Amino acid sequence: MTTIAIVGAGKGLGLAVAERFAREGFAVALISRNQDRLDGLAAELRERGHTAAGFAANVRDGDSLRTALERAAEQLGAIEVLQYSPLPAKEYMRPVLETTADDLVGPIEFSVYGSVNAVRQVLPGMRAIGHGTILFVNGGSAVRPGARVTGTSVAFAAESAYAQLLHDAVRDEDVHVGQLIIPFGIDDGQPEHSGESIADRLWAIHTERGDFRTYAEALPELA
């Protein structure tokens, strides 16, 4: 059995993705900051007959993130799929004219340093088993910066650049790197915006191994 590690796992999209991949035979490693919440999610998955465990880590703390991923692989099996999708903090979303250099430290650590640390931890294992998938999940500001969400716009753009470079660097090793852009609110009442629908899209990215970037929906027209 191989494992999907979901960095930024929660009750919404994280749990939906966990369920989707678990149905296909994956063990599930749930990673976020709160161990109690992770234990609850893992228990819910185990009640449905799946293999799952939670590993607490802060993506801004490289040592804790690397340790969580290492423990996940040791306990559940080699990490074949990594999903990097932690939810940004509200303080990362300031208007551009109110944003200082210090305000960008958190978003960059969160989106860039965290993703690089995660990838570097799991990539050797993917190479060892001969294949793997790395999934980046971002909002629309990753490709269309928003003046009122400066931190995430800057950090997501940098994360996207790293992910694109990574895609080009490892595609000949049967490691697929894909980015899903979600320009809407998940579970906002529209069926196609549900966590389950997005999880199906991520499964398709993993199995179809197509282009680097996929849009869950076309970006809204600019006014």
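The values are calculated or read from the model by the stated rules, or taken from the named source; none is laboratory data. No experiment lies behind these values; they were computed from the predicted model shown. Every residue, glycine among them, receives a Cβ derived from its backbone with ideal geometry; neighbour counts consider all protein chains shown. We work out accessible area using only protein heavy atoms, side chains counted, and drop any ligands, DNA or RNA first. Shrake-Rupley method; radii C 1.70, N 1.55, O 1.52, S 1.80 Å.
Quick check: at a probe of 1.4 Å, how many percent of the accessible area of the chain sits on carbon and sulfur atoms? List each step's numbers first, then the result.
Details: 5220 of 10520 Å².
Percent of accessible area from carbon and sulfur atoms in the chain: 50.
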**Item:** In nm, spacing of pseudo-spin labels at Arg148 and Gln75 (7 Å Cα→C-beta vector)
**Value:** 4.0
**Where labels lie 7 Å past Cα in the beta-carbon direction, separation of Lys90 and Gln164 in nm** = 3.3
**Asked** Quick one: accessible area per residue over the chain, 1.4 Å probe, rounded to a whole number of Å²?
**Response** 47
**Max mean-square fluctuation residue, GNM over the chain, Cα-Cα springs under 10 Å, options Val17, Val137, Val149** = Val149
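Please state the shape class of the range 143-193: rounded when a/c is under 1.5, otherwise prolate if a/b exceeds b/c and oblate if not, all from the C-alpha gyration tensor.
Details: a/c = 4.55, a/b = 1.41, b/c = 3.24.
Oblate is the answer for the range 143-193, as a/c is 1.5 or above yet b/c matches or exceeds a/b.
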